[in-house]
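Everything on this sheet refers to the single structure shown next.
The values are calculated or read from the model by the stated rules, or taken from the named source; none is laboratory data. The structure presented is a predicted model; accordingly, all values stated were derived computationally and were not measured. Cβ coordinates were reconstructed from backbone atoms using ideal geometry, including for glycine residues, and neighbour counts include every protein chain displayed.
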Amino acid sequence: MQRAQKILETTFGYPRFRLNQADIVGSLLKGEDVLALMPTGGGKSLCYQVPALVLEGVCVVISPLVALMQDQVDALNQLGIKAAFLNSSLSVPQARQTEQALLRGELKLLYVAPERLVTERCLSLLAQVKVNLFAIDEAHCVSQWGHDFRPEYQRLSILAEQFPHSPRIALTATADEATRKEIISHLRLENAARYINSFDRPNIRYAINESGSNRDALWRFIQQNHTNDAGIVYCLSRKKVEATAQWLTKQGRVALPYHAGMDSQQRLQNQQRFLRDSGVIIVATIAFGMGIDKPDVRFVAHLSLPKSMEAYYQETGRAGRDGLPASAWMAYGLQDVITLRQMMQQSEASEQYKQISQQKLEAMLGLCELISCRRQTLLSYFGEDLKEPCGNCDNCLSPPQTFDATEAAQKALSCVYRSGQQFGVVYLIDILLGKDSEKIQKNQHHRLSTFAIGQDLSIAEWRSLFRQLIAQGLLFVDSERFGAIRLTEKSRSLLKGEVKLLARKQTRPAATAKSGRKSNSPLASIHQPLMQALKQLRKSLADEQGLPPYVVFHDATLMQMAEQRPQSLQQMQFISGVGERKLAQYGRAFLDVVTAHPLPNTVSSEYSDEVNQMLIGLAQGEDLDAIAQQQKVAMDVIYQQLASVAASNELDLLQLLPISTDDFQLIQQALTTCNDEPGGRVRAACKLLDEQFSKALIQCVAAANVP
Ligand SMILES: [Zn+2]
């Protein structure tokens with residue numbers, strides 16, 4: 001274990017293990033099998049990479065993500081670790097080369113695609129070397145009920161039979177109780193030590209927007225929160241992917257499509273750009289993203305409803321893997337609910353499968369319609385109990401308004417009933433609103449007792465209410481009858497008034513989008529220029545080697561550099577994420593950038609950003625006028641800032657303030673005269689001087705005038 005700690009520090013550059021990484025590593029070093037559930041960004045890979053280096057032999061990593069193996073191997077090579085991969089992207093000679101290196105004992109880690117691993121050739125190859133560990137990544141792919149099902153995963157039980165002396169670790173970032181059981185039985189992990197981490201991703205802000213899947217809401221969200229950030233936008237269909245990418249491009253963002261219908265070369269190219277350039281938005285079907293290791297994805301937006309909580313958790317989990325603030329945003333509406341309900345009914349799958357998918361969708365809809373903390377519900381779905389509301393989801397930040405919708409719902413239900421349970425939502429709303437349409441006339445529905453009884457609500461409000469009724473199972477969409485709405489078992493008690501219905505009030509999208517918004521950058525603005533310079537250096541170093549920037553250093557590492565400003569290689573070594581190899585390779589270059597951006601010693605982390613900005617401006621010889629203009633504030637605000645730090649910084653106020661020496665002395669005298677005034681000397685002096693000078697200015701002089 002001491003060696004493991006040493007490797008963590010020197011090779012990977014991290015001072016200590018996180019979560020239960022240390023326990024997992026300890027188990028593996030003892031030769032135990034392990035099942036590890038870790039949230040995305042929890043440092044899954046270190047759990048096997050560290051033991052792989054401690055133990056003699058090679059660690060075999062089974063991963064379904066062929067397209068990403070190159071990046072994973074590149075990242076390890078950057079750390080000075082010998083690693084390679086075997087998958088279908090290699091030519092035969094290339095694969096032979098890797099096999100030879102393996103047989104010569106040169107590799108510490110080998111990544112293999114599952115379909116390759118279970119071949120006779122691969123198994124006999126591995127039998128000839130010492131495999132110190134099998135790491136089965138994305139282990140939930142074993143579950144046939146899951147959305148990432150990979151049949152080859154179920155054949156991995158072969159490892160237990162053929163390599164009884166090599167410990168195995170199964171890792172996943174998503175698995176409910178049922179999936180956990182499947183992993184254990186299919187992978188023969190009955191005796192494995194189990195490490196279940198919290199699923200909470202506190203840095204992700206969840207928001208589910210009921211505005212319907214429209215682009216304007218998406219654009220508002222991006223503009224307000226992520227003007228320059230990288231993000232993923234999920235859409236249900238390929239057509240919508242293409243259209244949305246084009247539209248975002250027209251709005252001035254770099255937005256690239258990604259779906260299974262594109263040719264693979266183009267798809268790979270788009271993925272590479274997303275990984276390597278900064279601020280790229282990828283618009284994708286759910287085919288994109290599993291195992292995407294990009295740590296600085298700042299937002300994930302859904303323009304369609306995910307089919308289950310697992311899918312939602314996993315897809316949103318691709319945001320903020322570096323632990324810095326990130327958003328998970330979704331827009332959904334009535335049509336989504338109807339479409340998904342219909343898709344499920346029409347599916348060719350077995351009854352059992354349909355039933356399970358139905359329940360999963362139910363849970364997802366429940367999350368959307370929720371009026372309390374989203375995180376609490378999300379976590380409780382995974383069997384975790386969050387005691388207090390999170391304070392970082394839309395419902396916590398701006399609690400939705402609710403209203404007693406019992407009466408309105410009764411009107412809706414009885415309208416469904418009286419019109420014969422054979423019409424869709426649009427028509428039903430027309431009846432409720434008393435619309436004078438041909439169809440209504442023809443059906444004689446203007447004679448119904450429910451005709452025009454719903455004029456107290458708008459169309460949008462009715463749509464919202466119908467959506468909630470369908471989502472809660474109080475109405476049923478019959479796909480065999482073209483989406484006709486029917487009553488359900490549950491409808492009866494509501495119609496009879498035995499239960500009440502509390503519904504979400506239709507909110508205006510702009511109001512929800514704005515409220516509770518904080519700055520998304522946790523780095524103080526005085527460090528931003530250095531941060532930008534560090535990013536630029538990182539980009540050019542990465543480009544030279546054809547690597548994604550985060551393989552050189554993560555954002556979190558650069559941020560720490562910008563804040564702590566190491567002045568020597570010795571100090572640089574204490575920055576988290578700077579290991580020996582990277583220190584040797586990049587340390588000097590980053591140090592040069594840091595030293596080229598000195599901060600004046602007046603600046604302090606105890607001051608506000610604005611005060612520090614002002615002090616930097618002063619150190620650079622700017623006058624107060626210019627600083628006020630930059631900060632877009634009145635001079636008085638600047639005087640107040642100045643007053644707050646004048647005494648402790650020995651600032652020469654006589655020089656700085658835009659008043660003559662005579663005036664300065666005049667104010668000083670006035671202050672002395674008013675020293676004992678009960679209402680405070682500043683106020684009194686202001687009066688005494690006939691308010692020729694602003695109170696803030698006098699306060700400033702007073703601050704310099706330490707008795
Ligand atoms: Zn919350």
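If you go through segment 346-368 and keep only what is assigned to a helix (DSSP H, G or I) and either charged (D, E, K, R) or within 16 Å of the ligand (Cβ to nearest atom) (or both), you end up with GLU351, LYS354, LYS360, GLU362, GLY366, LEU367, CYS368. Evaluate the following for GLY434: is it on the phi > 0 side of the Ramachandran plot and either charged (D, E, K, R) or within 16 Å of the ligand (Cβ to nearest atom) (or both)? When the stated conditions are applied, GLY434 does not pass them. For ALA135, the stated conditions do not hold, so it cannot be described as assigned to a strand (DSSP E or B), under 22 Å from LEU379 (Cα atoms), of a type outside the set (S, T, N, Q) and at pLDDT 90 or above. Checking LEU35 against (1) within 23 Å of ARG194 (Cβ to Cβ); (2) in contact with a Lys or Arg (Cβ under 7 Å, 6 or more places away or on another chain); (3) without any contact (Cβ under 8 Å) to a residue 40 or more places away in the chain; (4) among the hydrophobic types (A, V, I, L, M, F, W, C), only one condition comes out false. Which one? Here LEU35 clears every test but (3).
The set of residues in segment 543-587 that are closer than 19 Å to ALA326 by Cβ and acidic (Asp, Glu) contains only ASP555. Taken over segment 374-416, the residue count meeting the criterion of being within 15 Å of the ligand (Cβ to nearest atom), part of a loop (DSSP other than H, G, I, E, B) and among the polar types (S, T, N, Q) is 2. Taken over segment 448-464, the criterion of being surrounded by 13 or more Cβ atoms within 10 Å (Cβ to Cβ) and of a type outside the set (Ser, Thr, Tyr) is satisfied by LEU448, PHE451, ALA452, ILE453, GLY454, LEU457, ILE459, ALA460, GLU461, TRP462, ARG463. Taking the conditions (1) closer than 27 Å to LYS354 by Cα; (2) over 24 Å from the mean Cα position of the chain (by Cα); (3) surrounded by fewer than 19 Cβ atoms within 10 Å (Cβ to Cβ) in turn, TYR153 satisfies each one other than (3).
Does segment 5-12 contain any residue that is assigned to a loop (DSSP other than H, G, I, E, B) and among the charged types (D, E, K, R)? Looking through segment 5-12, none of the residues is assigned to a loop (DSSP other than H, G, I, E, B) and among the charged types (D, E, K, R). Hey, among ILE371, ILE440, ILE429, which residue is within 16 Å of the ligand (Cβ to nearest atom), over 21 Å from the mean Cα position of the chain (by Cα) and either hydrophobic (A, V, I, L, M, F, W, C) or surrounded by fewer than 17 Cβ atoms within 10 Å (Cβ to Cβ) (or both)? Result of the check over ILE371, ILE440, ILE429: ILE371. Looking for something assigned to a strand (DSSP E or B), surrounded by 22 or more Cβ atoms within 10 Å (Cβ to Cβ) and within 27 Å of the chain's Cα centre (by Cα) - is there at least one such residue anywhere in segment 99-121? Among the residues of segment 99-121, at least one is assigned to a strand (DSSP E or B), surrounded by 22 or more Cβ atoms within 10 Å (Cβ to Cβ) and within 27 Å of the chain's Cα centre (by Cα), which makes the answer yes. For segment 309-328, indicate whether the set of residues that are away from the ligand (no atom under 15 Å from the Cβ), more than 23 Å from THR172 (Cα to Cα) and either β-branched (Val, Ile, Thr) or part of a helix (DSSP H, G or I) (or both) is non-empty. Checked segment 309-328: no residue is away from the ligand (no atom under 15 Å from the Cβ), more than 23 Å from THR172 (Cα to Cα) and either β-branched (Val, Ile, Thr) or part of a helix (DSSP H, G or I) (or both). Would it be correct to say that ASP296 is touching an Asp or Glu at 6+ places or on another chain (Cβ under 6 Å) and assigned to a loop (DSSP other than H, G, I, E, B)? The answer is yes for ASP296.
Can you tell me how many residues within segment 252-269 are out of contact with any helix residue (DSSP H, G or I) (no Cβ under 6 Å at 6 or more places or on another chain) and either of a type in the set (S, T, N, Q) or not in a loop (DSSP other than H, G, I, E, B) (or both)? Number of matching residues: 6.
Annotation: VAL578 fulfils all but one of (1) in a helix (DSSP H, G or I); (2) surrounded by 19 or more Cβ atoms within 10 Å (Cβ to Cβ); the unmet one is (1).
Just so you know, in segment 374-408 the residues that are of a type in the set (D, E, K, R) and surrounded by fewer than 18 Cβ atoms within 10 Å (Cβ to Cβ) include one that is farthest from the chain's Cα centre (by Cα), and it is GLU407.
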